[in-house]
Amino acid sequence: MRVLVTGSEGYIGSVLMPLLASAGHDPVGLDTGLYRGCDLGEPQVEWPTIRRDIRDVTPADIAGFEAVVHLAALSNDPLGQLDAERTYDVNYRASVRLANAAKAAGATRFLFSSSCSLYGAAGEAPVDETAAFNPVTAYGESKILTEREVGKLADDTFSPVYLRNATAYGVSPRLRGDIVVNNLVGWAFCTGEVRLQSDGSPWRPLVHVRDICQAFIEILAAPREAIHGEAFNVGRDEDNLQIRTIAELIERALPGSRITFAAGASADKRDYRVAFGKIRERIPSFRPQWTVADGVVELAEAYRATGLRLEDLTGPRFTRLARIEELLASGTIDGDLRPIDTDGSSADPDRRAVAAETVGG
C-alpha cells in the first residue's frame, strides 16, 4: 500500500517508516519537524515527508494514499497538564478532521494510534477491549473521544482501526526519555540510581516500540473482516508489570545500580493491567518478539554506545514537555504550538512548509 504516516519523525514513526518499506509498502511521512536534532546517535534517515500540521490537513494532502497511520499527537500526560485544551484540539478535534479528510480522499484504512491509558484507574483484573473507560488525564480522554467520533465514519469503503498501545519502551532514533522503562534505564546508566517517581506499586502494561510497529504492519495486511471498526490492545499478557518489578530487572541488568525513590514518591492513580487476547486471536500473524528484560539490555547498550548524559535524558533532547517549553521560550513556536516565521509572525497554515506531527510521536 501507499501509506501516509502522521508523526513520522517521532518516537514510533521513526521506527515504523523503515519497517513499512521493508514490508513492501510505500510510506510517506507527515510531520512538523519539531524534534529534528533530537536524535539518539546519528541523525535518522530522511523519508519523503509533507511538512504540515495535522490541524491543517485537507483531502488533497491524502489523495493517492490507500491507508493512513495516525501517530501524531501531544504525546503524554505532562503535555496534557501543561495545556489540556490544546491536547483536545490536537489529539481529538484534529484527529477527527484528519479521518474525515482521509475518507474523502478515498483512503480505505485509517489506523489510529490509541492508548491503553484510556482505561486509567482500572482496578485489579486485566481489562480487555470491552472494559469501561476510566481515564485520569486529558491525554487518555482525548483518545476515547477520537475513537468514538472516528467510529461514526466506518462504512463499506472506510475501515478505522484503533490500536490501544501499552506503554512503549525501547530504542528509537527519536528516543523518548519521559516514558517509564527508557527513563529508569537512563537514570541507572547515568547515575547508578534506578530512581522511582512512585512507590513502585502501580501496574503498567508494556510493549516494545518495534512490536507496536509490527502490529500496524500486520493490521495493514489483515483481511478487512478481521479489523474493520475494531479496537485492539497491543502488547502481551506477560508484560503487565509493577513498576518495582521493572526497577528490579534494571538493577540486575546494570551491575552497581540501586533502586532509590524520588522525594515525595507515592502511589500513582495510573494503575492498570491489560488483556491482549483479542489481537492474538484476530491477528495470528502478530507475535510480540521483545521481553522487557531484553529491552532493558538494548537500551543500556544504546546509551553506552551514544554516551547518554543525564541532561540529555531529562532535558529538551529526549523529554517532550521540555522540548516544547524550549521552543516556546526561543520563539520558534507560538502559544498555539505552531511554527513562527523569522519575521515574528505565525506561519501561514496554507503553506506546505508548515508542520505535521503537531508535537508528539
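The values are calculated or read from the model by the stated rules, or taken from the named source; none is laboratory data. This structure is a prediction, so every number in the text was calculated from the model and none was measured. Every residue, glycine among them, receives a Cβ derived from its backbone with ideal geometry; neighbour counts consider all protein chains shown. For accessibility, only protein heavy atoms count, side chains too; no ligands or nucleic acids. Shrake-Rupley method; radii C 1.70, N 1.55, O 1.52, S 1.80 Å.
Taking a ≥ b ≥ c as the square roots of the Cα gyration tensor eigenvalues, with a/c under 1.5 meaning rounded and otherwise prolate when a/b beats b/c, else oblate, which class fits segment 1-123? Oblate. Accessible area per residue was computed with a 1.4 Å probe on protein heavy atoms; Glu298 scores about 40 Å². Taking amide H as placed 1.01 Å from N in the peptide plane, Leu241 has its amide H under 5 Å from the amide H of Arg204, Leu206, each at least 5 places away in sequence or on another chain.
Note on Ala84 and Asp128: their simple-model spin labels are 3.3 nm apart, each label 7 Å out from Cα toward Cβ.
Extension gain for Ala329 to Ala60 (0.36 nm times residue separation, less C-alpha to C-alpha distance): 93.5 nm. Phi angles across segment 9-22 convert, under the Karplus curve 6.51 cos²θ - 1.76 cosθ + 1.60 with θ = phi - 60°, into 3J(HN,Hα) values of 9, x, 4, 7, x, 6, 8, 5, 3, x, 5, 4, 4, 5 Hz, Gly and Pro given as x. The radius of gyration of the Cα set in the chain, together with its Dmax, comes out at 19.3, 58 angstrom. Nearest 500 deg cm²/dmol is fine: what mean residue ellipticity at 222 nm does the chain get from its DSSP H runs of n ≥ 4 alone, each adding -39,500 (n - 2.57), divided by its residue count? That calculation yields -10000 deg cm²/dmol at 222 nm.
Placing dummy labels 7 Å off each Cα toward the beta-carbon, the span from Leu310 to Arg224 is 5.6 nm. Around the amide H of Ser114, modelled in the peptide plane, lie the amide H atoms of Leu163, Arg164, Asn165, all under 5 Å away and 5 or more residues distant in sequence or on another chain.
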